[in-house]
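This report concerns only the one structure given below.
Computed from the coordinates by the stated procedures, all read-outs in this text should not be read as laboratory data. Remember, predicted model here, so these are calculated numbers, not experimental data. Please note: Cβ atoms are built from the backbone with ideal geometry, for glycine as well, and neighbour counts cover all protein chains shown.
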Amino acid sequence: MVESIFSVTLRSLYISSAASFFAFISAVILSLIASRAEKKKADAILGIFEALVGIPTTAIGLLIYMLLFPGGPLGSLRILYTPLAIIIGEIFVALPIAYTTMFRHFQSLRGTMRELVLSLGVPEKHTSSILLRELSPVLVSSYLTSFSRAIGELGVALIAGGGIEGYTNVLTTAIAIQSSIGNYEYAIWLGLILIFMTIVLTLLLKFIGEYLIWK
């Protein structure tokens, strides 16, 4: 019996939201740290992350599989073919794009923000919190991009998750599996839901971003 569309969609939202959240938080922390480094070092780090954006998700999925399979370095954790394995893999998928979409803004504004904070007599330790508040529209956009990257990927979800019905099956794996066995109607409905969900979230977060700009 084919799993219900609702459960597949809900699982996809849960897994991708968790992965993109941790990727986003990691990107913010890395951006704050790298924005304080020398420009050459910061640009070198950015170059690495820009290169990582283009890595196929199947390669990342294979790496996660090699780490988590029973004979691998982390095989004792026994989390291969679980939602957690997909979340870990999707963090690595979403992190590079989250970092690259926000770091330049951190780098360009930190110097100006530091001078402004000091001129107003505000302690320098508050620079980071003020910087985050000023960059809120960029942060919203970055999270949206990382979430879209996570929920739309297939390689990690299929290789590390296995597409197990009722457990690790998400929208992308369900579309691939159902299409391969000729259940095109089910696959089309899942595809439409994925497209609709992405459009709705994009419009919603765009509205939030514009609200934060004009606030």
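The residues of segment 1-21 that are touching a helix residue (DSSP H, G or I) at 6+ places or on another chain (Cβ under 8 Å), surrounded by fewer than 17 Cβ atoms within 10 Å (Cβ to Cβ) and part of a helix (DSSP H, G or I), listed by number, are Ile5, Leu13, Tyr14, Ser17. Sort out which residues of segment 30-53 are part of a loop (DSSP other than H, G, I, E, B) and either of a type in the set (A, V, I, L, M) or touching a helix residue (DSSP H, G or I) at 6+ places or on another chain (Cβ under 9 Å) (or both), and write them in order of number. Within segment 30-53, Ser35, Arg36, Ala37 qualify.
Among residues belonging to segment 49-81 that are within 17 Å of the chain's Cα centre (by Cα) and β-branched (Val, Ile, Thr), point out the one that is surrounded by the most Cβ atoms within 10 Å (Cβ to Cβ). Explain how you work it out, then say what you get.
Residues of segment 49-81 within 17 Å of the chain's Cα centre (by Cα): 49-61, 64.
If we keep only those that are β-branched (Val, Ile, Thr) as well, we get 53, 55, 57-58, 60, 64.
Working: Val53: 15, Ile55: 14, Thr57: 22, Thr58: 14, Ile60: 22, Ile64: 27.
For segment 49-81, the residue satisfying everything is Ile64.
Might you check whether a residue that is touching a residue at least 24 places away in the same chain (Cβ under 8 Å), part of a loop (DSSP other than H, G, I, E, B), of a type in the set (A, V, I, L, M) and in contact with a Phe, Trp or Tyr (Cβ under 7 Å, 6 or more places away or on another chain) occurs anywhere in segment 64-80?
So in segment 64-80, the residues touching a residue at least 24 places away in the same chain (Cβ under 8 Å) come out as 64-65, 68, 80.
Checking which are part of a loop (DSSP other than H, G, I, E, B) leaves us with 80.
In the following step, the residues that additionally are of a type in the set (A, V, I, L, M) were identified as 80.
Still in the list and also in contact with a Phe, Trp or Tyr (Cβ under 7 Å, 6 or more places away or on another chain): 80.
Yes, segment 64-80 contains a residue that is touching a residue at least 24 places away in the same chain (Cβ under 8 Å), part of a loop (DSSP other than H, G, I, E, B), of a type in the set (A, V, I, L, M) and in contact with a Phe, Trp or Tyr (Cβ under 7 Å, 6 or more places away or on another chain).
State whether the residues of segment 177-185 include one that is outside any helix (DSSP H, G or I) and in contact (Cβ under 8 Å) with a residue 40 or more places away in the chain. Walk me through how you get there before you give the answer.
Residues of segment 177-185 outside any helix (DSSP H, G or I): 181-183.
So of that shortlist, the ones also in contact (Cβ under 8 Å) with a residue 40 or more places away in the chain come out as 183.
Yes, the conditions are met somewhere in segment 177-185.
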